[in-house]
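The values are calculated or read from the model by the stated rules, or taken from the named source; none is laboratory data. Since we're looking at a predicted model, the values are computed, not measured. Here the Cβ positions follow ideal geometry from the backbone for every residue, glycine too, while neighbour counts run over all protein chains shown.
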Amino acid sequence: MSRIGLRAALLLATAATIGCDRLTKHLATDALAGEPGRSFLGGAVQLEYAENPGAFLGLGAGWPASVRVTVFAAATILGLLLIARLAQRLRRGPALIGLGLIAGGSLSNLADRLVDGAVVDFLYVGLGPVHTGVFNVADAAIVAGAILVVAFGRRSSAASGPA
């Protein structure tokens, strides 16, 4: 795949992640806010509306709003700069798509924090003693993106030689 094609894949993954996350958060807000949660597959999958002012598992939720927004915005900007640098070095599509998933999820959650002061979460998965916290599509995209970068990024940059 050409460099232009690879960069287009990164941008498409970013845009698709933002679009899917924004849509699902809108649907969750309309269908779940103020309503009891819904359970599927014997409770293994649950839909439950939650607003998380913090980051992963509520990290920073108790911080003053100005500190929280500043810290999370700065972390997102630094992360995006790192993504831009890594994107210059990577040559494999899956790793670049992973970077796009991370960028899209980060940007969408940041938009929630800047506009609403909290991120809308609505998904919960649990099987026996193993379970997640409540999360959203952006969070899932960030985790999937990180897996792709770890799985394909090392071989990608090593195979391409020095940057």
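Quick grid of which residues meet (1) loosely packed, with under 15 Cβ neighbours inside 10 Å; (2) at pLDDT 95 or above; (3) of a type in the set (Asp, Glu):
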| position | (1), (2), (3) |
| --- | --- |
| 22 | no, yes, no |
| 26 | yes, yes, no |
| 42 | yes, no, no |
| 47 | no, yes, no |
| 59 | yes, no, no |
| 66 | yes, no, no |
| 72 | no, no, no |
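Can you tell me which residue in region 77-111 is farthest from the chain's Cα centre (by Cα), limited to those that are of a type in the set (Gly, Ala, Ser) and within 13 Å of residue 146 (Cα to Cα)? Restricting to residues being of a type in the set (Gly, Ala, Ser) and within 13 Å of residue 146 (Cα to Cα), the top hit is 95.
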